[in-house]
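The next block holds one structure in the form of structure tokens; read it before the comments.
Here, each number is a calculation from the coordinates, and none is a lab measurement. Worth saying up front: this structure is predicted, and the values here are computed from it rather than measured. Cβ: placed from backbone, ideal geometry, glycine included. Neighbour counts: every protein chain shown.
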Amino acid sequence: MFSIPVFLESFEPLFWAARYTLLISVLGIALGLVIGTLVCAARLSPYAALRRFAAIWVSFLRGVPLLVQLLVFYYTLPVIGVDVPAIFAAVVTVGICASAYISEIWRGAIAALPKGQAEAAVAIGMTPRDVWTRVILPQAFTMSLPALVNELILLVKASSLVSVVGILELTRASQAQAATTFRPLEVYIAAACIYLAINLCLAALGRYLEHRTAV
């Protein structure tokens, strides 16, 4: 029979573990935004070598599962003499993986903008920098915001994979709690509730930002 006391008692340790889930997801999306912007710029570059490199980057990262990327990165560092905490490897891997998807989100948003806007901005005397910072990027950000929020939600769920390298995030904490209490149903439902609450908050934040940036 389902135990309400065990279900409620599971929330306290899981809430503490959820901090690592949020930390890895937020830092991962931040790193992914930076790298993804550079990859997007390479995809739109007039130089063929940069375009090919960016295309290979995106194809490889979207074609290899995040779990495999994490294990390769985590176990490669000690081989080359680099000793870093597991959480560092997790954030970097999540960020690099996210960059492939974010670069395509940016590229799609920029490609969807009417070319006449950039041409009109140049015609009235704007510099290329002004065209990008005042015309193209603000509109591209607004158009891509739903997809970016969706990517962050996906990263929150995908962060459960970092438990394989020993990080006590929400999924690993729920596994440990289930093994201790011998009540896996109650513990995993509590973990599911926390994941749901986090993602509902992110979705609400996304809707708020969409409303604030709507033209």
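Report the Stokes-Einstein translational diffusion coefficient (µm² s⁻¹, integer) for the stretch 67-172, Rh taken as the Kirkwood radius over Cα pairs, at 10 °C with viscosity 1.306 mPa s.
After rounding, the answer is 97 µm²/s.
Specify which residue in the list PRO138, THR181, THR21 is farthest towards the positive end of the charge dipole of the chain, using unit charges on the beta carbon of Lys, Arg (+1) and Asp, Glu (-1), about the Cα centre.
PRO138
Could you give the length gained on full extension between ALA120 and SER3, defined as 0.36 nm per residue of separation minus the Cα-Cα distance, in nm?
35.6 nm
With only Lys, Arg, Asp and Glu charged, each at its Cβ (+1 for the first two, -1 for the last two), find how big the charge dipole of the chain is about the Cα centre; round to the nearest 20 debye.
Its charge dipole is roughly 600 debye.
Only Cα pairs under 8 Å and at least 6 apart count here; give the relative contact order of the stretch 1-134 as a rounded whole percent.
It rounds to 35 percent for the stretch 1-134.
Taking only Cα atoms and a 10 Å spring cutoff, compute GNM fluctuations for the chain and point out the largest among SER25, SER159, SER144.
SER144
Taking chymotrypsin sites (Phe, Trp or Tyr not before Pro) that fall in a DSSP loop and have at most 10 other Cβ atoms within 10 Å as cut points, what is the longest piece of the chain between them?
In short, 48-181.
Looking at the chain, I'd like the Rg to Rh ratio, where Rg is from alpha-carbon atoms and Rh is Kirkwood's inverse mean 1/r.
My calculation puts Rg/Rh at 1.07.
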